[in-house]
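Single-structure report; data block below.
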Amino acid sequence: MEPSFIFPLGTFQGNSLFIKREDLLPFSFGGNKARKAELYFRVIEQGGFDFVVTYGSGSSNHCRVIANECARRRLPCLIISPLESEDGSYNQQMVQLLGADVRKVPLNKVSEEIDRILEELKKVGKNPYFIKGGGHGNIGTEAYLQCYKEIQTYEEENEIYFDFIFLASGTGTTQAGLICGQLQAGHERGIIGISVARKNPRGRDIVLESIRSYMGRGVAEEQIQKATVFEDEYTEGYGKKDARVSALIPEVLRRYGIPLDATYTGKAFWGMQQYLEKENIKGKNLLFLHTGGTPLFFDGLRGREE
Ligand SMILES: *Cc1c(COP(=O)(O)O)cnc(C)c1O
């Protein structure tokens, strides 16, 4: 398998579609959380931290990967979860299997509880590291800047240029990393984030903030604004079911043998279809960034997906 995990999928609505399979990254079912976690744990190892605290819901891909990274290093892992999140997902079962300690608190008490726990750990002589939910932050952004470079290398080696990259956008870190890569390279192309949760302007603002935070003052605001496309019309909210997305998932499995889920990649794929139609895009090279979430595909099969 090629190290970039980029594969052609053939003609798609009059365009040429390629996919980058981040879901095939080789640790703990991969996905963008695995790519981000790799960098976070480099920092954790180098900094001599001995305890990892993070935040996420029971069905979170992020929590699964963090729990697995901790387990392989025998680092204690504490996960703060909102009381409101549902039980029974495969990710949640994996988190348990991996031995992470999950503490459920009401959503409005989360940030208080995180501060309290970090203080408590320090008091008993621990050196804890806190990873934000979803691996949000400059380290997560850096991970996707590296991903952008892999895409660039593939393009150079295969003499192709992707006019558009489509992806599921949540905390915005993945999209921000790709855009930072694009800005650094001085490329022009559409990087189209399909929102899985937030509406605009807030959704887009968070992507913009992540870009500014990573790039510093080196880049003109105008360029950042121009490069940031965040489409919010293909989501009813985080984890909300959409019959059109649910219908698309078996279709994509049949046609390409690729699993999507209803929370992230299914929405992104559906959003891509709609966007191409809306903008009347034809004859272009498209890259769909598959951001992972394989356990959620299986949750969907047993009707347990959020
Ligand atoms: C977390 C996640 C996303 C969103 O990534 P962000 O960097 O938070 O925007 C997209 N797809 C999958 C499968 C995810 O787990």
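Listing for the model above:
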quantity	calculated
Formal net charge of residues neighbouring Leu75 (Cβ-Cβ distance under 10 Å; K, R +1; D, E -1)	0
Per-peptide average of other Cβ atoms within 10 Å, ordering 21-31, 111-121 highest first	21-31, 111-121
Thr265, Thr294, reordered so the largest accessible area comes first (probe 1.4 Å)	Thr294, Thr265
Whole-percent pair-distance distribution, where bins are 10 Å wide, for the alpha carbons of the chain	6, 28, 36, 22, 7, 1, 0
Shape box of the range 246-296 [Cα atoms, principal axes, largest first, Å]	33, 20, 19
Relative packing of peptides 97-107, 217-227, 198-208 - highest average C-beta neighbours within 10 Å first	198-208, 97-107, 217-227
Accessible solvent surface per residue of the chain, calculated while the other protein chains remain in place, 1.4 angstrom probe, Å²	45
Candidates Ile131, Ile258, Ile191, ranked by Gaussian network fluctuation over the chain, Cα under 10 Å, top entry	Ile258
No Cys partner within the rule (Cβ under 4.7 Å), the chain	Cys63, Cys147, Cys180
Choice from Val110, Val95, Val196 with maximal GNM fluctuation in the chain (Cα, 10 Å cutoff)	Val110
Residue among Asn138, Gly125, Cys63 farthest towards the positive dipole end of the range 63-156, charges placed on Cβ	Gly125
CD proxy at 222 nm, helix term only [per DSSP H run n ≥ 4: -39500 (n - 2.57); per residue of the chain; nearest 500]	-14500 deg cm²/dmol
Portion, in percent, of the accessible area of the range 64-103 that falls on carbon or sulfur, probe 1.4 Å	48
Gained length - Arg244 relative to Tyr256, 0.36 nm times residue gap less alpha-carbon distance	2.5 nm
Fraction of accessible area attributable to carbon and sulfur, the range 176-298 (%, probe 1.4 Å)	47
For Glu156, solvent-accessible area (1.4 Å; no DNA, RNA or ligand), Å²	130
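The values are calculated or read from the model by the stated rules, or taken from the named source; none is laboratory data. Bear in mind that the values here come from a model prediction, so they are computed numbers and not experimental data. In this analysis, Cβ positions are derived from the backbone assuming ideal geometry, glycine residues included, and neighbour counts consider all displayed protein chains. Accessible surface areas use protein heavy atoms only, side chains included; no ligands, DNA or RNA. Shrake-Rupley method; radii C 1.70, N 1.55, O 1.52, S 1.80 Å.
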